[in-house]
Amino acid sequence: MEKKNIDWSNLGFGYIETDKRYVANYKDGKWDDGELISDANIVLNECAGVLQYAQTVFEGLKAYTTEDGRIVTFRPDLNAQRMEDSAKRLEMPVFPKERFVDAVTKTVKANAAWVPPYGSGATLYIRPYMFGSDSVIGVSPANEYQFRVFTTPVGPYFKGGAKPITIKISDFDRAAPHGTGHIKAGLNYAMSLHAIVRAHEEGYAENMYLDAATRTKVEETGGANFIFITKDKKVVTPKSSSILPSITRRSLLYVAKEYLGLETEEREVYLDEVKDFAECGLCGTAAVVSPVGKIVDHGKEICFASGMEEMGPVTKQLYDTLTGIQMGRIEAPEGWIHVIE
Ligand code: PLP
Ligand code: COI
């Protein structure tokens, strides 16, 4: 298979239309067989549930070319499970987990020419999503749904790749206690747009959101969880019922403990103690592991000892081990790597 003629090493995190996408429809209480199609556009009724009341959930994962030339994805079963959890919270039907993994596999296989080559620094981002597709005018769940998967080749989420970023403490909240912060609903991202546009205007790469109830605890950013490293090399990550349970974060905690022999702690992290950490990073599928060099709290700067030039040493070890597993350079734990071809 011949790869597309793309300058892989200079890709940003953007949308490029690829050849095929997967579509399945839910009607009369059941999913149809689903198929791969070529048309990237969707025609919807003006009153579709997704358009009126934002009834949509999504996932994000990546396909990688390994050192020995295989195409693989990373723990797609966990994305399938999280999409099930998201769908249930928004009163949507569940797309069965095995079918989710099969749809991802088929879509990646059909777009194999778009999977960036090993060593290019790029990956194929996979976006499964589901939305209410029939008309809804009183506030209620739709009766019909569409599940789709598309792919797009991407480079680093943050400009500059592995260079530390500066973020700010947001005055806006991302998620309410007992709300939808723990699921991957489009509505969580819509309500973060105002905050991210403000942050970008002020020169920050992202927002740190605090817990909405007390505004004293670290939650997450708009698109990634936090990891902190203590001065004695312990990996600490915020625990909260209103943050997205990041698959990258869960994997990093395992890697820290089982591969690197580091102590890990998942607990509430207070903003007051952030200044005492040695390193800070963001983790997620899009963000991978992105170092944070500085956090600005209303003019007060919290600067990490790791500085603004490169990743801190422990963050780097975590990054190298995780990406080593994803790219097939380091043996993966059982079940983490799903081979496409
Ligand atoms: N937090 C938010 C709000 C996200 O959108 C994402 C991205 O999916 C993450 C965290 C990271 O999750 P994961 O590692 O599963 O991609
Ligand atoms: C991902 O990491 O897959 C996400 O969905 C985050 C988003 C901000 C791109």
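The values are calculated or read from the model by the stated rules, or taken from the named source; none is laboratory data. Model, not experiment: these values are computed from the prediction. Reconstructed Cβ throughout: ideal geometry from the backbone, glycine too, with neighbour counts over all protein chains shown.
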For this session: Quick one: which residue in G293, G307, G284 is modelled with pLDDT under 95 and within 18 Å of K159 (Cα to Cα)?
Result: G307
Problem set entry | Those residues of the stretch 205-229 which are within 15 Å of ligand 2 (Cβ to nearest atom), in contact with a strand residue (DSSP E or B) (Cβ under 7 Å, 6 or more places away or on another chain) and not charged (D, E, K, R), in sequence order | A205, N207, M208, T221, G222, G223, A224, N225, F226, I227
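Residues checked against (1) more than 10 Å from ligand 1 (Cβ to nearest atom); (2) touching a residue at least 60 places away in the same chain (Cβ under 8 Å):
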residue: V235; (1), (2): yes, yes
residue: L244; (1), (2): no, yes
residue: L252; (1), (2): no, yes
residue: K257; (1), (2): yes, no
residue: D276; (1), (2): yes, no
residue: G299; (1), (2): yes, no
residue: I302; (1), (2): yes, no
residue: S306; (1), (2): yes, yes
Seminar exercise, completed: Here the qualifying pairs (Cβ atoms under 6 Å; residues six or more apart or on different chains; first in the stretch 109-131 and assigned by TED's automatic domain parsing to the domain that holds E59; second within 14 Å of ligand 2 (Cβ to nearest atom) and charged (D, E, K, R)) come out as T123/K62; Y125/K62; P128/E59
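Criterion first (of a type outside the set (F, W, Y) and either touching an Asp or Glu at 6+ places or on another chain (Cβ under 8 Å) or away from ligand 1 (no atom under 15 Å from the Cβ) (or both)) does G281 satisfy it?
Working: of a type outside the set (F, W, Y): yes; either touching an Asp or Glu at 6+ places or on another chain (Cβ under 8 Å) or away from ligand 1 (no atom under 15 Å from the Cβ) (or both): no.
So G281 fails the test.
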For this session: May I ask you to verify whether K97 is within 16 Å of ligand 1 (Cβ to nearest atom), basic (K, R) and surrounded by 19 or more Cβ atoms within 10 Å (Cβ to Cβ)?
Result: no
Exercise. Residue check: is L61 out of contact with any strand residue (DSSP E or B) (no Cβ under 7 Å at 6 or more places or on another chain), within 12 Å of ligand 1 (Cβ to nearest atom) and closer than 13 Å to H338 by Cα?
Worked result: no
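Being within 16 Å of ligand 1 (Cβ to nearest atom) and in contact with a strand residue (DSSP E or B) (Cβ under 9 Å, 6 or more places away or on another chain) is true for just one of A54, A24, A40, A48. Which residue is that? Even if it seems obvious, please write down each step before you answer.
Working: A24 fails: within 16 Å of ligand 1 (Cβ to nearest atom); A40 fails: within 16 Å of ligand 1 (Cβ to nearest atom); A48 fails: within 16 Å of ligand 1 (Cβ to nearest atom).
Only one candidate qualifies: A54.
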For this session: For the stretch 225-341, please list each of the strands (runs of 3 or more DSSP E) lying entirely inside it that holds at least 2 residues being at negative phi and of a type in the set (F, W, Y).
Result: 225-229
For this session: Can you give me the number of residues within the stretch 230-281 that are away from ligand 2 (no atom under 16 Å from the Cβ), within 18 Å of M311 (Cβ to Cβ) and small (G, A, S)?
Result: 2
